[in-house]
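One structure below.
The values are calculated or read from the model by the stated rules, or taken from the named source; none is laboratory data. Everything numeric in this text was worked out from a predicted model, so none of it was measured. All Cβ positions, glycine included, derive from the backbone under ideal geometry; neighbour counts span all protein chains shown.
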Amino acid sequence: MRPIRVGVIGTGFMGRAHALAYRAVSGIFPGLRPELEVVADIDEKAAAGACQQLGFRRYTSDWKVLVADPAVEIVSITTPNVFHREMTLAAVAAGKHVHCEKPIAPNARDARDMMEAAEAAGVVTQVGYNYIKNPLLGLAREMIANGELGEITGFRGIHAEDYMSNPEHPYSWRFDPSGGAGAIADLGSHIICMARFLLGPIEEVMADLETVVKTRPVRGSADRRPIEVDDIARLTVRFARGCRGSIEANWVATGRKMHLAFEVNGTKGTLVFNQERLNELHYYRAGRDPRHSGFLRIETGPQHHPYGLFCVAPGHQLGFNDLKTIEVADFLKAIDGGEPRGPDLREAYEIQKVIDTALVSSRERQWKVVS
Ligand SMILES: NC(=O)c1ccc[n+]([C@@H]2O[C@H](COP(=O)([O-])OP(=O)(O)OC[C@H]3O[C@@H](n4cnc5c(N)ncnc54)[C@H](O)[C@@H]3O)[C@@H](O)[C@H]2O)c1
């Protein structure tokens, strides 16, 4: 593959994760050759620091300069959600491939604009739903598709963390309604993505959204701001394939750090997964000798591609940054003419529609069709 130059906008949690993945990918996936060209952050000092530490050639405090830079082929967007639309549309208009963090937009209307613009321009897009890049998630999806669980009878999914559980946690962009919803957008988007990855489209939603902490302190002031977004979202969902399930998103779940978890039940078996132990998939197969009844713990290893590219030995385990590296590898291969593996802006639009439908359902206290 020829070298492909990357511009990353944002140097926070995800800006760093993207840069690390672009740095790592060529050493793990043979033939991929991204180069870190420019990093942009509204905070110039942060941009300069990231440039030096992460190995970019240049930095800027103006993301528009990055997007207009003729050397840049990939624009990686890791800013707060409210900026994703404008940045994506500008990048697409400049003919760049876009790697955008999730959720891609405050609402499905904006998400559709982004998707349509990218598809009309013929650029490749990738959205940061990194958790489904776990090879064990690929195995789970394959087992479900192969009928190894029999007919699917139910799904229980949850993404719970506790980073907003302290009522004194200050107001930040994550509470700003102009950037979209709260926990359902920040965390719920991941578990909705996982549910769709495993079981296909969600057709109907009945949701109950709740704001537990009503006001938050304003940083550097004695004032408090009212909170208009959800802390907890509880959804009952109906999948197009016929089965039903529940989905919870919760950022005030005291003690939970990365409880992104699911259970899929079928007539012949069950699968259980939790991101806090991302190298394990638990499998119950019905009909075994009752003396051996119980869950089998499947451990990730070189037999689960692309684990073996990271490490030749089983049991040594993949981590969060490795999932981001797999995401980047899929994106680069698609730019190089390979089969796009997504999730792309179209899939992210579908996820956003489920979120928007849940908001309406909760407001109107009734089942709503995802449309
Ligand atoms: N995929 C995942 O697992 C995952 C995890 C965390 C966050 N995210 C997503 O990543 C995005 C960023 O989240 P984060 O946790 O990295 O946030 P963050 O607050 O740590 O970082 C945001 C960065 O954007 C910069 N920024 C803000 N406005 C800007 C502008 N106009 N121009 C240039 N830079 C600007 C900030 O200075 C900061 O460096 C969000 O969309 C979030 O939902 C995804």
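Quick notes on this structure:
- Cross-chain or 6+ apart pairs with Cβ under 8 Å, the stretch 65-82 first and within 19 Å of L332 (Cα to Cα), then buried (at least 19 other Cβ atoms within 10 Å of the Cβ) and modelled with pLDDT under 95: none
- All helices (runs of 4 or more DSSP H) inside the stretch 1-95 with 1 or more residues being away from the ligand (no atom under 15 Å from the Cβ), surrounded by fewer than 22 Cβ atoms within 10 Å (Cβ to Cβ) and charged (D, E, K, R): 13-28
- Count of residues meeting criterion [part of a helix (DSSP H, G or I) and either among the hydrophobic types (A, V, I, L, M, F, W, C) or within 11 Å of the ligand (Cβ to nearest atom) (or both)] in the stretch 170-187: 8
- Set G188, G182, G157: member being surrounded by 21 or more Cβ atoms within 10 Å (Cβ to Cβ), touching a residue at least 12 places away in the same chain (Cβ under 8 Å) and in contact with an Asp or Glu (Cβ under 6 Å, 6 or more places away or on another chain): G182
- Scope the stretch 126-149; condition within 17 Å of E347 (Cβ to Cβ), in a helix (DSSP H, G or I) and of a type outside the set (A, V, I, L, M, F, W, C); matching residues: N130, Y131, K133, G138, R141
- Set P314, P340, P306, P290: member being touching a Ser or Thr at 6+ places or on another chain (Cβ under 8 Å) and either closer than 23 Å to R196 by Cα or not charged (D, E, K, R) (or both): P314
- Residue in the stretch 162-169 that is modelled with pLDDT of 95 or more, under 30 Å from L139 (Cβ atoms) and either away from the ligand (no atom under 16 Å from the Cβ) or under 15 Å from the mean Cα position of the chain (by Cα) (or both) present: no
- Exactly one residue among L309, L296, L318, L281 is surrounded by 12 or more Cβ atoms within 10 Å (Cβ to Cβ) and either within 26 Å of V237 (Cα to Cα) or at pLDDT below 95 (or both), and that residue is L281.
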